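What follows is a set of notes on a single structure, which appears directly below.
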Amino acid sequence: MLIAFLDTTALHKSYLLAGAQWDSVEHAVSQGTLRVAVADVSVEEIARQASSDAREVTKKLRAAIRDGHRFGVHLPFADIPDDAATWKATFERNLASRGITVVPHAQPLHRDVLRRDLESAAPFKSNGEGYRDTLIWLTFLAWVQRLAPEADDVIVFVSDNTTQFSADRGETLHPSLVAEVRAITDATVRLVPKRSDFVESAREHAKAGAAVRNSLSRPAISSLVEEAATVAANRLWGSEFDILGRLELEGVGVATEIVLPDVSEASIDWVEPLLDRIEATHVDTFDEVTELWSATVEAVLSVEGMVHKGDYPGLSEFVEVRDGDWNTHYMWVSFEVSVQLRYDVRVEQGDESVHAELVEATILRGSDDWLEE
């Protein structure tokens, strides 16, 4: 069995626990191949983050509505709850629906916590930071002790806070923390910094615990998946180009070492999926009728936007001018960029309905090799 404890960082920005990753977690729990929990301290932190983010989104929404009025566009206003108590209750319901246990925080003796602080014992840092991390860690230890794992179980602590839970800021759990787990169980324990890696482990354990059944042929499903990925890629048309940058804030990985031109108000003018560069791989099956696939598709995006006339000389060989005299200060230009898009695609057998969710975007290169790689 896989036993997982989620740090606050593993839940960051996932206020509704929606999407294919959390579907996989719920499925693995239902199959009896995964036990997963989170400390109530983390629930409080997430509720506070959600409350703060909700207020910020409301401000931006009100600003967008005011801007729309200037152009005769009257957008409706959606009231987003921003009190922490409401978000805490919502988050607790979502955790319960996914089969994730909320563990009451440990109540260690004050002198024991003080000793860890003074000795800079992980996860405390030498400057005294780490009280909440220590409370979460002690809660994890108490939970594991109550579970009494078997020697062949695998325990993972999911956190990208490697500065406090790892000795080398890498993917290895701090030796002193490993020793604390070893004192209560012989099960394997490791640190998993990426939530996506934890989900993949959960999927693998679910596969090992239940036979995969299919009522549709693999080629037929693969064709549906590839079609869904292509359609989803085309939906990027008309989006603001910085959607690829915002994805990371929404829990989607964005990989790029490429420097893009300084173009303001950039939007995606058209999308050209490369049909000969689509790959589809089966990932998981839920309830014997719902299949999860991973699909990647490469595409060329044409991006248009504004460049200040004073900046144009340095970009003249990299962008195409659409309108050199848009107004007194700006020119309308465009450029092309190649991307690889990875989707989680859910296929409902029987009615063959499909739903594609973007989970990763990698910017590959720009037109004329002008981008720095």
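The values are calculated or read from the model by the stated rules, or taken from the named source; none is laboratory data. Just so it is clear, the model here is predicted, and its values are computed rather than measured. Glycine also receives a Cβ, built like all others from the backbone with ideal geometry; neighbour counts cover every protein chain displayed. Surface accessibility is based on the protein's heavy atoms, side chains included, excluding ligands, DNA and RNA. Shrake-Rupley method; radii C 1.70, N 1.55, O 1.52, S 1.80 Å.
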Looking at this structure, is residue 116 modelled with pLDDT of 85 or more and open to solvent by less than 90 Å² (accessible area, probe 1.4 Å)? no
Does residue 25 satisfy the condition of being buried (at least 20 other Cβ atoms within 10 Å of the Cβ), over 19 Å from residue 139 (Cβ atoms), modelled with pLDDT of 85 or more and not basic (Lys, Arg)? yes
So which pairs qualify, if the first residue must be in the range 134-155 and closer than 18 Å to residue 192 by Cα, the second must be at pLDDT below 85 and part of a helix (DSSP H, G or I), the Cβ gap must be under 7 Å, and the two must be at least 6 apart or on different chains? 134/113; 134/116
Hey, does the range 60-72 have a residue that's loosely packed, with under 12 Cβ neighbours inside 10 Å, more than 23 Å from the chain's Cα centre (by Cα), modelled with pLDDT of 75 or more and at positive phi? yes
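Please verify whether residue 123 is of a type outside the set (Lys, Arg), more than 17 Å from residue 166 (Cβ to Cβ) and either open to solvent by 20 Å² or more (accessible area, probe 1.4 Å) or at pLDDT below 85 (or both), treating the condition exactly as stated. First the steps, then the outcome.
Numbers: of a type outside the set (Lys, Arg): yes; more than 17 Å from residue 166 (Cβ to Cβ): no; either open to solvent by 20 Å² or more (accessible area, probe 1.4 Å) or at pLDDT below 85 (or both): yes.
So residue 123 fails the test.
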Could you go through the range 175-186 and let me know if any residue there is more than 22 Å from the chain's Cα centre (by Cα) and within 16 Å of residue 1 (Cα to Cα). yes
For the range 80-98, pairs from a residue that is modelled with pLDDT of 85 or more to a residue that is open to solvent by 50 Å² or more (accessible area, probe 1.4 Å) and in a helix (DSSP H, G or I), with Cβ under 8 Å and 6 or more apart or across chains, are 88/44; 97/26; 98/26
Is the range 178-196 home to any residue that is of a type outside the set (Val, Ile, Thr), under 22 Å from residue 21 (Cβ atoms), open to solvent by 50 Å² or more (accessible area, probe 1.4 Å) and at pLDDT below 85? no
Can you work out which of the residues in the range 150-177 that are of a type in the set (S, T, N, Q) and outside any helix (DSSP H, G or I) is surrounded by the most Cβ atoms within 10 Å (Cβ to Cβ)? 159
